[in-house]
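First comes the structure, then the notes that go with it.
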Amino acid sequence: MLIRTDAFAEGEAIPVRFAENAAHGENIHPGLAWSQVPEGTRSLALTVFDPDAPTGSGFWHWIAFDIPANATSIAEGDALPIGACEWTNDYGYEGYGGPCPPEGRVHRYIHTVHALSCERLEVPEGATQAQVRFAIFANQLDSASITGRFQLTTAQG
């Protein structure tokens, strides 16, 4: 699989408009496009993860799933296709939550598309975020990631 965005190149800075409101951004997700989805894919998931967050276990910014297998992109800031689900991120709300790291240190934001073997993710009512991520990875056929970097500076704040 391949994933790309016009918002930033691999390893480059994520523009501030994609940052969380508290970091003076618009809290909109970048446009993402993917290709070379493996045969047998029945749905897709999207995740954004910051492994550098000072939590001991990183920070999940976006967990979306049940995206139709024939989808090939999502435009910047657009809603997901009908039937797709967004789970609670580590900010505590459903949907995309942009970068907002502590001031000074550069953080990586790994944007991943996951090809899944199931049409709908089996998630029990009241499931924790970890259970949802487990279901994504347990049903994953393939994935592709692109990583951007973000640093909160005094000039932004």
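The values are calculated or read from the model by the stated rules, or taken from the named source; none is laboratory data. Not measured: the values here are computed from a predicted model. Neighbour counts run over all protein chains shown; Cβ positions are idealised from the backbone, glycine included.
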Next on the checklist: Looking at Ala22, Ala7 in this structure, which one is part of a loop (DSSP other than H, G, I, E, B) and at negative phi?
Outcome noted: Ala7
Checklist entry - Between residues in the range 44-60 that are surrounded by fewer than 21 Cβ atoms within 10 Å (Cβ to Cβ) and residues that are at pLDDT below 95 and among the charged types (D, E, K, R), which pairs lie under 9 Å by C-beta distance while being six or more apart or on different chains? => result Asp52/Arg105; Pro54/Arg105
Next on the checklist: Criterion first (hydrophobic (A, V, I, L, M, F, W, C), surrounded by fewer than 18 Cβ atoms within 10 Å (Cβ to Cβ) and out of contact with any Cys (no Cβ under 6 Å at 6 or more places or on another chain)) does Ala9 satisfy it?
Outcome noted: yes
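Go through the range 79-88 and give me each residue that's in contact (Cβ under 8 Å) with a residue 40 or more places away in the chain and assigned to a loop (DSSP other than H, G, I, E, B).
Pass one, the range 79-88, residues in contact (Cβ under 8 Å) with a residue 40 or more places away in the chain: 87-88.
Within the range 79-88, just Trp87 meets the criteria.
Suppose we filter Arg133, Arg105 for residues that are basic (Lys, Arg) and either within 27 Å of Ser35 (Cα to Cα) or within 15 Å of the chain's Cα centre (by Cα) (or both); which single one remains? Let's see the steps before the verdict.
Values: Arg105 fails: either within 27 Å of Ser35 (Cα to Cα) or within 15 Å of the chain's Cα centre (by Cα) (or both).
That would be Arg133, the only listed residue that is basic (Lys, Arg) and either within 27 Å of Ser35 (Cα to Cα) or within 15 Å of the chain's Cα centre (by Cα) (or both).
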Checklist entry - When residues of the range 25-72 are filtered for being polar (S, T, N, Q), more than 19 Å from Ile14 (Cα to Cα) and part of a strand (DSSP E or B), how many remain? => result 2
Item to check | Total residues in the range 111-157, condition surrounded by fewer than 16 Cβ atoms within 10 Å (Cβ to Cβ) and of a type in the set (Phe, Trp, Tyr) | outcome: 2
